[in-house]
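The values are calculated or read from the model by the stated rules, or taken from the named source; none is laboratory data. The model shown is predicted, which means the values in this text are computed figures rather than measured ones. So basically every Cβ, Gly included, is an ideal-geometry build from the backbone, and we count neighbours across all protein chains shown.
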Amino acid sequence: MRISTKGRYSLEAMLCMALKGGDEAQSTRQIALSTGLSEGYLEQLFIPLRRAGLIEGQRGPQGGYRLARVPARIRAGDVLRAAEGRIEPVDCVSGERLCPISASCAPRRTWEELAAAINRCVDSVSLADLARACEGADMEYAI
């Protein structure tokens with residue numbers, strides 16, 4: 001299983017917002033300059049993040065985007081699921097696309113355990129944790 005650029009860049013954009021305060025609206029231009037992502041791509045990434053209630057948009061001259069919750073209450077898993085959908089190693093784990101042999105599938109339990117472990121991992125890390133890691137590693141987005 002691979003996290004796509006959509007998931008990685010969504011997390012990066014939200015981390016950038018968290019590092020710059022999170023509660024202040026930031027324009028897509030500011031975020032684009034800090035992350036190196038294009039404004040158009042950021043707008044596309046922000047659609048599912050807004051729908052998931054992770055960011056809020058504000059129109060007008062002082063407009064932009066801000067985090068909808070404090071960074072400590074936004075998990076990496078929240079961002080990845082908003083951008084990617086379910087985080088699972090195989091389609092049949094979710095129960096939505098069971099194959100004809102799912103009841104007797106020997107590897108299915110392994111896939112379910114792997115999916116649970118991945119989700120526990122990404123849900124154990126908040127944007128605040130990632131921001132502290134950036135500061136501790138002397139990593140910072142351009143301000």
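So, in the stretch 1-22, how many residues would count as being more than 18 Å from I118 (Cβ to Cβ) and of a type in the set (D, E, K, R)?
Number of matching residues: 2.
Going through the stretch 108-143 one residue at a time, which ones are within 12 Å of I87 (Cα to Cα), among the charged types (D, E, K, R) and modelled with pLDDT of 90 or more? Give the steps one after another, and end with the answer.
Step one: list which residues in the stretch 108-143 are within 12 Å of I87 (Cα to Cα), which gives 111-112, 114-123.
Narrowing the set further to residues that are among the charged types (D, E, K, R) leaves 112, 120, 123.
Scanning the stretch 108-143 gives R120, D123.
Determine whether Q62 is part of a loop (DSSP other than H, G, I, E, B) and either in contact (Cβ under 8 Å) with a residue 24 or more places away in the chain or closer than 16 Å to R2 by Cα (or both).
Against the criterion (part of a loop (DSSP other than H, G, I, E, B) and either in contact (Cβ under 8 Å) with a residue 24 or more places away in the chain or closer than 16 Å to R2 by Cα (or both)), Q62 qualifies.
Of all the residues that make up the stretch 60-109, how many are among the polar types (S, T, N, Q) and either within 30 Å of Q30 (Cβ to Cβ) or under 12 Å from the mean Cα position of the chain (by Cα) (or both)?
1
Return the only residue of L33, L37, L49 being in a helix (DSSP H, G or I), closer than 22 Å to L127 by Cβ and touching a helix residue (DSSP H, G or I) at 6+ places or on another chain (Cβ under 7 Å). It would help to see each step written out before you state the result.
Numbers: L33 fails: touching a helix residue (DSSP H, G or I) at 6+ places or on another chain (Cβ under 7 Å); L37 fails: in a helix (DSSP H, G or I).
Going through L33, L37, L49 in turn, just one is in a helix (DSSP H, G or I), closer than 22 Å to L127 by Cβ and touching a helix residue (DSSP H, G or I) at 6+ places or on another chain (Cβ under 7 Å): L49.
With A18, A83, A76 as the choices, which residue is crowded, with 19+ Cβ neighbours inside 10 Å, under 19 Å from L130 (Cα atoms), modelled with pLDDT under 95 and among the hydrophobic types (A, V, I, L, M, F, W, C)?
A18
Tell me, which residue of the stretch 21-65 that is under 27 Å from R86 (Cβ atoms) and among the basic types (K, R) is surrounded by the most Cβ atoms within 10 Å (Cβ to Cβ)?
Here the residue is R50.
Would a scan of the stretch 94-109 turn up a residue that is in contact with a Lys or Arg (Cβ under 8 Å, 6 or more places away or on another chain), of a type in the set (G, A, S) and on the phi < 0 side of the Ramachandran plot?
Yes, the stretch 94-109 contains a residue that is in contact with a Lys or Arg (Cβ under 8 Å, 6 or more places away or on another chain), of a type in the set (G, A, S) and on the phi < 0 side of the Ramachandran plot.
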